Structures are given as C-alpha cells and as structure tokens.
Amino acid sequence: MCSAIELLDDVYYVGVKDYNRRIFDALIPLPHGTSYNSYLIKSDKYLLIDSVQKGFEQEWIARISSVIKPEEIDYIVMNHAEPDHAGTISYFLGLNSKAKLITSQKGFKMAKRFHGVSSDRILAVKDGEELCLGNKTVKFIEAPMLHWPETIFTYLKEEGALFPCDFFGFHSAKSLDENDYEDLEFQLKRYYGEIMMPFAIMGKRAIDKIKDLEIKLIAPSHGPVYKNVKKVMALYEKWTAGVTTEKVIILYTSMWKDIEYMVDILTERIITQGVKVVRYNIINSDLGDIAADLVDSRALIFGVPTVLNSMHPLGISAAYLAKLLKPPLKFVLLISSYGWVEAALGEMKKIFSDLKAELIGEIAVNGPATKSEIEQLLALCDKLIAKVKSLS
Ligand code: FEO
C-alpha cells in the first residue's frame with residue numbers, strides 16, 4: 001500500500017513512479033523511466049501541489065489518503081498545465097467538490113481548455129501573491145516559459161521549500177533521494193538540455209527572482225528532491241548563462257563511410273590538440289545524451305550526406321533538433337559527401353542559419369575524400385580548434 005513520505009514538517013511527497021515509460025514528447029528517450037511528483041502541505045488548510053499523469057490515480061490517491069481524505073483538501077496548485085502534472089486534476093476535482101484550483105492567469109485558460117476545469121473552480125493568482133494556510137504560507141512565483149507560458153513556482157515560506165515543477169527536475173523513477181544518484185549532474189544536464197535550454201534567458205530570469213529566497217529544499221516534479229540546493233542552483237546558473245567549455249560535438253551519419261572517415265580524422269586531430277570531443281552517429285544515438293553535450297559544447301561539426309538530391313532525412317531531423325534546442329554553440333563546421341549531385345550543404349546552412357554561431361567553413365566531397373580534400377579538412381579543423389581555444 002502506498003503512503004505519503006514526509007519530507008519536512010507537514011510537507012509530504014504524494015507522487016508516483018512510472019518505471020516503464022521509455023519516451024517523452026514522442027522524442028526524448030527515458031532510459032530510467034520517470035516520476036510524476038506531487039506534494040501535500042498540511043496546515044489549517046491543506047494544499048496539494050500538482051497532480052500526476054493519467055493512469056496513476058490509484059497510487060496517487062492512496063498516498064494522499066494516508067494523510068487526509070482527498071475530498072477534504074482545500075486547494076490544488078497547477079504549477080504547469082502539461083498532462084504529466086495536470087492530467088488528473090479534473091479527476092481530483094471530481095472527487096472533491098470544494099477545492100479550488102490555483103494557477104497563473106495564463107494557466108486559467110489552459111486549465112479550462114486542456115483539462116475541462118470550470119471557471120468557478122479556478123483561482124488565478126498574480127506573480128508574488130501569497131496564500132495563508134494557517135501556520136504556513138505559500139507564495140506563487142511566475143516563471144513563464146519554463147517551459148510553458150503558464151508555469152509558476154510555489155514557495156513554502158516557513159519551511160523554505162521551493163516547488164518549481166519541471167525546473168531543476170530530471171526523468172528517473174529510481175529514487176527520491178538525491179544521494180542515490182552518482183550521475184546527478186549528468187542527469188540534471190540531460191534534462192536541462194532537453195527541456196530548459198531553449199528557454200535559457202527565462203531560466204536566468206527565474207534564478208534571479210528566487211536567488212534571495214531562503215531555500216532549504218527544492219522539490220521538482222520529476223526525479224529526486226534536493227537539500228544540496230547550492231549545487232543544483234550553481235549548475236543551473238552556469239547553464240542558463242550559456243557557459244561553454246573547450247569541447248567539440250560531432251553529429252554525423254555516413255552511408256558509405258566517406259563522412260565517417262573524415263569524422264575519424266577530425267576526432268583524432270581535435271584530441272591531439274587537447275580539446276575535448278564527443279561524437280554521435282545519429283542513426284543510433286540517444287537524443288538525451290546529445291542534448292546534454294550540447295549544453296556546454298563550444299563548437300559543432302555536423303556531417304551528413306546528400307541522398308536522393310537532398311540532405312539525408314535523419315540529418316534533417318538531427319539538425320532541426322540541434323537548432324530547436326538553442327544550444328550556446330559559438331562555432332560550426334559543416335561536412336558532407338555526395339555521389340553525383342551535392343545538395344546537403346545548402347540545406348544544412350539554411351537550417352543552422354538561426355544558430356548564433358560562426359560558420360567556420362564547409363566541405364563536401366564527391367565519394368571518398370582525396371588527399372588534397374583531407375588537407376583542406378584539416379586546415380578547417382585547425383581553424384576551428386584555434387577559435388575554440390581563443391575563448392578560454
Ligand atoms: Fe514534466 Fe513539462 O512537464
């Protein structure tokens with residue numbers, strides 16, 4: 001039988017674990033499943049923070065019921081309207097005829113449209129608004145585009161607990177204890193790259209907004225809760241500032257090894273120059289790992305061939321992903337190969353034209369690279385390495 005887990009005095013974890021989910025947004029792999037975290041605050045009034053994904057109602061309600069009957073709860077906060085957190089709000093409001101749904105002004109419309117909540121059940125709050133529950137007070141902090149427009153953070157003042165929904169979270173069903181993750185930084189980075197990196201500016205604004213609050217516990221809506229607040233905040237401050245390192249990420253695929261041969265040569269050259277390089281063949285790579293490495297890579301080498309008079313379709317997909325995630329890349333080098341007509345380079349340049357990165361050069365080879373083409377490639381590589389080192 002599931003029970004609530006008390007995290008702080010009268011602050012409970014009442015979320016659920018989804019061990020079997022393997023994909024999110026029909027895009028990002030979840031090798032470790034995920035959790036849909038929900039929290040319950042007990043005072044004179046009871047306040048529930050977020051619901052869970054549809055299909056997990058039974059476990060969620062069982063955890064809540066170990067503290068209070070669900071129908072006696074006074075408020076449910078919708079920090080974020082995405083269905084993994086808001087998907088069972090209407091179910092809950094069906095069980096409980098008195099509770100108000102608290103959300104932002106933008107969340108008001110989403111609660112009605114996406115979750116069928118009637119206007120009279122919704123209490124739309126403003127940025128900084130507070131609600132007294134008795135001996136505990138919660139404050140609502142607008143955090144737009146982290147990562148939807150309506151997102152808010154909920155802050156429990158007396159306990160110094162921040163509930164920032166997806167911000168600071170990561171996908172794992174493994175444990176609620178941060179100390180159980182040897183790879184905590186990598187998991188945080190992977191999720192930041194997948195979900196928050198496109199909104200780094202808004203992330204920086206949100207950090208500025210909360211950095212003077214006394215925060216003793218960060219309780220996001222996926223993964224573990226953090227008492228090591230400084231560590232998590234420092235990582236997010238670095239990533240939202242777009243700090244890059246001497247690192248080159250290579251994304252490529254190759255039909256007849258012509259591109260892979262060039263990638264091998266580039267990889268070796270970069271390593272021998274003392275710069276870190278990570279490479280992903282996009283046909284069999286985990287998009288989450290790529291997103292994590294895009295968070296702090298300073299340069300991208302992108303290589304896909306022309307096929308059927310166009311850029312290779314998997315290359316188009318990978319290029320769009322890299323562009324949409326808005327990584328803080330500073331430099332780009334494009335490589336390609338073709339059989340009888342070259343078409344990929346132009347398409348690559350068009351897709352990457354939105355990236356605020358300097359195009360260092362481009363090269364397309366007709367089949368296997370010749371000796372002089374390898375020399376051109378190495379010259380471009382040396383130029384790229386010099387640029388990467390120049391920013392350190
Ligand atoms: Fe975890 Fe944006 O939902």
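The values are calculated or read from the model by the stated rules, or taken from the named source; none is laboratory data. Not measured: the values here are computed from a predicted model. Cβ placement follows ideal geometry from the backbone for every residue including glycine, while neighbour counts extend to all protein chains displayed. In case anyone asks, the SASA skips ligands and DNA or RNA and just uses the protein heavy atoms, side chains included. Shrake-Rupley method; radii C 1.70, N 1.55, O 1.52, S 1.80 Å.
Looking at segment 282-314 only, could you name the residues that are in a strand (DSSP E or B) and open to solvent by less than 30 Å² (accessible area, probe 1.4 Å)?
We begin by selecting, within segment 282-314, every residue in a strand (DSSP E or B); these are 297-303, 306-307, 310-311.
Selection gives 297, 298, 299, 300, 301, 302, 303, 306, 311.
All but one of (1) within 17 Å of residue 51 (Cα to Cα); (2) open to solvent by 10 Å² or more (accessible area, probe 1.4 Å); (3) in contact with a helix residue (DSSP H, G or I) (Cβ under 6 Å, 6 or more places away or on another chain) hold for residue 171; which doesn't?
(3)
Return yes when residue 122 is of a type in the set (Val, Ile, Thr) and within 24 Å of residue 196 (Cα to Cα) and no when it is not. Before the answer, list the steps.
Numbers: of a type in the set (Val, Ile, Thr): yes; within 24 Å of residue 196 (Cα to Cα): no.
Spelling it out, it is not the case that residue 122 is of a type in the set (Val, Ile, Thr) and within 24 Å of residue 196 (Cα to Cα).
Pick from 200, 234: which is away from the ligand (no atom under 15 Å from the Cβ) and open to solvent by 30 Å² or more (accessible area, probe 1.4 Å)? Before you say what the answer is, go through the steps one by one.
Working: 200 fails: open to solvent by 30 Å² or more (accessible area, probe 1.4 Å).
That would be 234, the only listed residue that is away from the ligand (no atom under 15 Å from the Cβ) and open to solvent by 30 Å² or more (accessible area, probe 1.4 Å).
Take the conditions part of a loop (DSSP other than H, G, I, E, B), of a type outside the set (Lys, Arg) and at pLDDT 95 or above and apply them to residue 173. Does it pass? Outline the logic, then answer.
On the way: part of a loop (DSSP other than H, G, I, E, B): yes; of a type outside the set (Lys, Arg): yes; at pLDDT 95 or above: yes.
Considered against the rule, which asks whether it is part of a loop (DSSP other than H, G, I, E, B), of a type outside the set (Lys, Arg) and at pLDDT 95 or above, residue 173 comes out as yes.
Please work out if residue 205 is in contact with a strand residue (DSSP E or B) (Cβ under 9 Å, 6 or more places away or on another chain), open to solvent by 10 Å² or more (accessible area, probe 1.4 Å) and more than 16 Å from the ligand (Cβ to nearest atom).
Numbers: in contact with a strand residue (DSSP E or B) (Cβ under 9 Å, 6 or more places away or on another chain): no; open to solvent by 10 Å² or more (accessible area, probe 1.4 Å): yes; more than 16 Å from the ligand (Cβ to nearest atom): yes.
No: the conditions fail for residue 205.
Regarding residue 258, is this residue surrounded by fewer than 19 Cβ atoms within 10 Å (Cβ to Cβ) and away from the ligand (no atom under 16 Å from the Cβ)? Spell out the reasoning first.
Working: surrounded by fewer than 19 Cβ atoms within 10 Å (Cβ to Cβ): no; away from the ligand (no atom under 16 Å from the Cβ): yes.
Considered against the rule, which asks whether it is surrounded by fewer than 19 Cβ atoms within 10 Å (Cβ to Cβ) and away from the ligand (no atom under 16 Å from the Cβ), residue 258 comes out as no.
Which of the helices (runs of 4 or more DSSP H) found entirely inside segment 78-146 contain at least 3 residues meeting this: closer than 26 Å to residue 209 by Cα and away from the ligand (no atom under 16 Å from the Cβ)? Talk me through it step by step, then tell me what you get.
Working: elements: 83-86, 89-95, 105-115.
It comes to 105-115.
Could you tell me whether any residue of segment 337-360 is in a helix (DSSP H, G or I), more than 30 Å from residue 195 (Cβ to Cβ) and of a type in the set (S, T, N, Q)? Step through it out loud before you land on a result.
Step one: list which residues in segment 337-360 are in a helix (DSSP H, G or I), which gives 344-352.
Within this subset, residues satisfying the condition of being more than 30 Å from residue 195 (Cβ to Cβ) are 345-346.
Applying the additional criterion that residues be of a type in the set (S, T, N, Q) yields none.
No, segment 337-360 contains no residue that is in a helix (DSSP H, G or I), more than 30 Å from residue 195 (Cβ to Cβ) and of a type in the set (S, T, N, Q).
If residue 160 satisfies all but one of (1) touching a His at 6+ places or on another chain (Cβ under 9 Å); (2) surrounded by fewer than 16 Cβ atoms within 10 Å (Cβ to Cβ), what's the number of the condition it fails?
(1)
From the set of residues in segment 9-45 that are open to solvent by 70 Å² or more (accessible area, probe 1.4 Å) and of a type in the set (A, V, I, L, M, F, W, C), which is farthest from residue 289 (Cα to Cα)?
Among residues in segment 9-45 that are open to solvent by 70 Å² or more (accessible area, probe 1.4 Å) and of a type in the set (A, V, I, L, M, F, W, C), the one farthest from residue 289 (Cα to Cα) is 26.
So residue 151 ticks every box in (1) open to solvent by less than 20 Å² (accessible area, probe 1.4 Å); (2) in contact with a helix residue (DSSP H, G or I) (Cβ under 7 Å, 6 or more places away or on another chain) but one. Which box is left unticked?
Of the numbered conditions (1) open to solvent by less than 20 Å² (accessible area, probe 1.4 Å); (2) in contact with a helix residue (DSSP H, G or I) (Cβ under 7 Å, 6 or more places away or on another chain), the odd one out for residue 151 is (2).
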